[in-house]
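Worksheet for the structure shown next.
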Amino acid sequence: MPVKLDAKLPSDLAEARIEIIPLIDIMFFLLASFMLVSLSMVNLKSVPVNLPTAVSAVNESKRDFVDISVDKAGTAYVDKKAVDDNELIGALAGFRRANPSVRIIISGDTEARHGDVIHVLDLIRLAGIEKVAFEINPSGKKATP
């Protein structure tokens, strides 16, 4: 049977169509890929410490603060960099000059001495910073009176 070479297209194929379904599938794949890559690029600014837990803790989604960690040896860290008292006060003064309403979060190890954490809190107050919070791990247990 010979092949017909006709330049005329049937009337139902005369209109050009863009198939959207494959395009949507590709876009969702790209969106999911970019989300996974961006989540893996999150830069944690804190030193790994064993945080205490609290029943009434609330997770905070905003990360616009300076993290100061105190490990069990009593060493203070500003964004993963070990600092002594003078360096800490200088860094805090710089943060306050850059942003007068800077927020500080203290991450104290469970085994850190209370006096070391209070010493860091005192240095923060000496630098004139008023917005201070303590980082804790939320617990699923109910509080016992």
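Every number here is computed from the coordinates shown, using simple stated rules; none is lab data. Keep in mind that this is a model prediction, so the values were computed, not measured. Here the Cβ positions follow ideal geometry from the backbone for every residue, glycine too, while neighbour counts run over all protein chains shown.
Each of His114, His119 was scored by other Cβ atoms within 10 Å of its Cβ. Listed from fewest to most, they are His114, His119.
Which of rounded, prolate or oblate describes the range 53-138 when judged by the alpha-carbon gyration tensor and an a/c cut-off of 1.5? It comes out oblate by the Cα gyration axes.
Please arrange Thr75, Thr110 by how many other C-beta atoms lie within 10 Å of their C-beta, fewest to most. Going from least to most buried by this count: Thr110, Thr75.
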